[in-house]
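> Before anything else, here's the structure in question.
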Amino acid sequence: MKRVDDFRLRFGKQEIVPIVIGGMGVDISTADLALEAARLGGIGHISDAMIKTVTDRRYSTKFVKEKLQLYKTNVNNADKSVVQFNLGRLAEATRLHVSKTMEAKRGDGLIFINCMEKLTMNAPKETLRVRLREALDAGIDGITLAAGLHLGSFALIEDHPRFRDAKLGIIVSSLRALQLFLRKSARTNRLPDFIVIEGPLAGGHLGFGMDWAEYDLATIVAEIRQWMVAEHLDIPLIPAGGIFTGSDAVSFLEQGAAAVQVATRFTVAKECGLPEDVQQEYFRASEGDIEVNTISPTGYPMRMLKNSPAIGDGIRPNCEAYGYLLDANGNCAYINSYNREVAAHPEAKKIKVMDKTCLCTQMRNFDCWTCGQYTYKLKDTTIKAADGSYKILSTEHIFHDYQFSTDGKIALPD
Ligand SMILES: Cc1cc2nc3c(=O)[nH]c(=O)nc-3n(C[C@H](O)[C@H](O)[C@H](O)COP(=O)(O)O)c2cc1C
């Protein structure tokens, strides 16, 4: 029986252990997690979601305070169009996070950055251009374009000196999305270096509607593979979503996948950014505690634990401090929902907003517990102490379990 370690992901002459730890914003896939993946010979992701908040927390910068100070007179205004990101500061924050991470890199693996294009930041094109270019300048090994794939992204960096040397990949959930991207970016004369195919069991936002349960990762991967063969396209395919054991990974690798992208198993790693009390919630979850809902203002369904504090929490929108989901006109679906509830309950000190959430604030505070469908199996990957708590695992332990296990087995920690 084969193990993941019998396979390698090849980028030219470079050989990588075919395990990619997916990006998890906001700073759930920390630099420490990504660095471990690279040290162990695989690929790790940092994320550029809410990067100014992340650098404030990690490197004592004051980006958020500065932005809030600038726009604080707008806090009670429903119109957020004036709340703009300072592109220079955005560049500074990106450069800091990426360069500090890359300086600390050891081992033969790679570190990529996950850029979710749904972070429209009140100026989608201008902010995305800065995010991508600064990450390249600061030496990132590769960029994974995610959530809300902007079809013109390659064009934003085509004149960058590293455009052809950095690894650039995309995440898609259907053949159609892939075809659209390839058609749109054909003008840049550059294909993606890898394609992550994310199925309906993944964590975070889903590239499906609320009918997600009707789709199946293996079927989508087979369809994309067939089309690629017919088109004589040879790009590494990386399935993601619900790949829980080394054996699950091997079955994709045997069918021609170049690597697998995984995330949920690593949400309970020591190096992961989730606070330990939240990690214990993930361990304790049963299947019925996990739902896919539509509270994300992005319009994409999102999977999370039903007891996430974010659900129903009617806090005032925090766009002056954050504002990552403001569209090009300064709108966010949460602002509308919040204002509707305030108008309906003018006397209330605290209101509930059930249909949308202030995702920036809730993700920043680790109160939106997004997770993959198999989170309920995490308890089977560790040991339980007498006080009922579960043992947090090391990234190395989980990575090696994927790399070396056979027969659907999961190695428990010592
Ligand atoms: C907690 C969590 C947060 C995530 N955040 C993001 C994200 O910010 N951007 C993204 O592209 N994917 C995100 N994902 C998806 C993962 O990168 C990955 O593709 C997917 O979850 C793999 O499936 P698995 O969790 O079943 O292993 C997230 C997943 C989890 C579990």
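The values are calculated or read from the model by the stated rules, or taken from the named source; none is laboratory data. Just so it is clear, the model here is predicted, and its values are computed rather than measured. Glycine gets a Cβ as well: all are built from the backbone with ideal geometry, and neighbour counts include every protein chain shown. Quick note on the areas: whole protein, heavy atoms, side chains included, nothing else; ligands and nucleic acids left out. Shrake-Rupley method; radii C 1.70, N 1.55, O 1.52, S 1.80 Å.
> From G242, G288, G256, G273, grab the single residue that is in a loop (DSSP other than H, G, I, E, B) and away from the ligand (no atom under 11 Å from the Cβ).
Testing whether each residue is in a loop (DSSP other than H, G, I, E, B) and away from the ligand (no atom under 11 Å from the Cβ) leaves just G256.
> So H345 fits all but one of (1) closer than 30 Å to R58 by Cβ; (2) more than 14 Å from the ligand (Cβ to nearest atom); what number is the exception?
Among (1) closer than 30 Å to R58 by Cβ; (2) more than 14 Å from the ligand (Cβ to nearest atom), the lone unmet condition for H345 is (1).
> When the residues of region 324-374 are narrowed to those that are assigned to a loop (DSSP other than H, G, I, E, B) and aliphatic (A, V, I, L, M), which ends up most open to solvent (accessible area, probe 1.4 Å)?
Within region 324-374, the match that is most open to solvent (accessible area, probe 1.4 Å) is M354.
> Could you list, in sequence order, the residues of region 274-321 that are touching an Asp or Glu at 6+ places or on another chain (Cβ under 8 Å), open to solvent by 20 Å² or more (accessible area, probe 1.4 Å) and not polar (S, T, N, Q)?
If the condition is that a residue be touching an Asp or Glu at 6+ places or on another chain (Cβ under 8 Å), open to solvent by 20 Å² or more (accessible area, probe 1.4 Å) and not polar (S, T, N, Q), then K306, P309, D313 are the ones that fit.
> Where residues in region 311-363 are in contact with a strand residue (DSSP E or B) (Cβ under 7 Å, 6 or more places away or on another chain) and among the aliphatic types (A, V, I, L, M), which of them is farthest from M24 (Cα to Cα)?
Step by step, filter region 311-363, then rank; the result is V342.
> Let me ask something else. Got at least one residue in region 65-76 being within 16 Å of the ligand (Cβ to nearest atom), open to solvent by less than 70 Å² (accessible area, probe 1.4 Å) and within 14 Å of A321 (Cα to Cα)?
No, because not a single residue in region 65-76 is within 16 Å of the ligand (Cβ to nearest atom), open to solvent by less than 70 Å² (accessible area, probe 1.4 Å) and within 14 Å of A321 (Cα to Cα).
> Kindly provide the set of residues from region 189-206 that are surrounded by 18 or more Cβ atoms within 10 Å (Cβ to Cβ) and in contact with a helix residue (DSSP H, G or I) (Cβ under 7 Å, 6 or more places away or on another chain), ordered by number.
Matches in region 189-206: I195, I197, G199, P200, L201, G203, L206.
> Moving on to the next point. Given the conditions (1) within 30 Å of V268 (Cα to Cα); (2) open to solvent by less than 20 Å² (accessible area, probe 1.4 Å), report the number of the one that D211 does not fulfil.
Going through the list (1) within 30 Å of V268 (Cα to Cα); (2) open to solvent by less than 20 Å² (accessible area, probe 1.4 Å), D211 breaks only (2).
> If you don't mind, another one. Taking the criterion of being of a type in the set (G, A, S) and open to solvent by less than 10 Å² (accessible area, probe 1.4 Å), would at least one residue in region 216-239 satisfy it?
No, every residue in region 216-239 fails to be of a type in the set (G, A, S) and open to solvent by less than 10 Å² (accessible area, probe 1.4 Å).
> Another one. Considering only region 101-117, I want to know if a residue exists there that is under 25 Å from D327 (Cα atoms), more than 16 Å from the ligand (Cβ to nearest atom) and crowded, with 18+ Cβ neighbours inside 10 Å.
So far as region 101-117 goes, no, none of its residues is under 25 Å from D327 (Cα atoms), more than 16 Å from the ligand (Cβ to nearest atom) and crowded, with 18+ Cβ neighbours inside 10 Å.
> Here's another thing I want to ask about it. Quick one: how many residues across region 366-389 are away from the ligand (no atom under 13 Å from the Cβ), small (G, A, S) and in contact (Cβ under 8 Å) with a residue 40 or more places away in the chain?
1
> Limited to region 395-414, what total is found for residues that are in contact with a helix residue (DSSP H, G or I) (Cβ under 8 Å, 6 or more places away or on another chain) and outside any helix (DSSP H, G or I)?
Total meeting the criteria: 9.
> Would you call F208 under 19 Å from R10 (Cα atoms) and either in contact with a Gly (Cβ under 6 Å, 6 or more places away or on another chain) or in contact (Cβ under 8 Å) with a residue 40 or more places away in the chain (or both)?
It is false that F208 is under 19 Å from R10 (Cα atoms) and either in contact with a Gly (Cβ under 6 Å, 6 or more places away or on another chain) or in contact (Cβ under 8 Å) with a residue 40 or more places away in the chain (or both).
> OK, next. May I ask you to list the residues in region 130-167 that are open to solvent by 30 Å² or more (accessible area, probe 1.4 Å), over 25 Å from K105 (Cα atoms) and part of a helix (DSSP H, G or I)?
A155
> For I43, which of the numbered conditions (1) within 22 Å of F244 (Cα to Cα); (2) more than 12 Å from the ligand (Cβ to nearest atom) fails to hold?
It is condition (2) that I43 fails.
> Quick one: in region 133-173, which of the residues that are modelled with pLDDT of 95 or more and among the small types (G, A, S) is nearest to A258 (Cα to Cα)?
G169
> In addition: Out of (1) open to solvent by less than 10 Å² (accessible area, probe 1.4 Å); (2) near the ligand (Cβ under 10 Å from one of its atoms), the odd one out for D248 is which?
Condition not satisfied by D248: (1).
> Sticking with this one: Find all pairs meeting these conditions: Cβ atoms under 9 angstrom apart; at least six residues apart or on different chains; first residue within region 330-348 and in contact (Cβ under 8 Å) with a residue 40 or more places away in the chain; second residue assigned to a helix (DSSP H, G or I).
C332/L359; C332/C360
> Now, a different point. Under 16 Å from the mean Cα position of the chain (by Cα) and over 21 Å from D165 (Cα atoms): is that true of K125 in this structure?
The answer is no for K125.
> Shifting gears a bit: Can you name the residue in region 11-35 that is among the charged types (D, E, K, R) and within 16 Å of the ligand (Cβ to nearest atom) and is also least open to solvent (accessible area, probe 1.4 Å) among such residues?
D27
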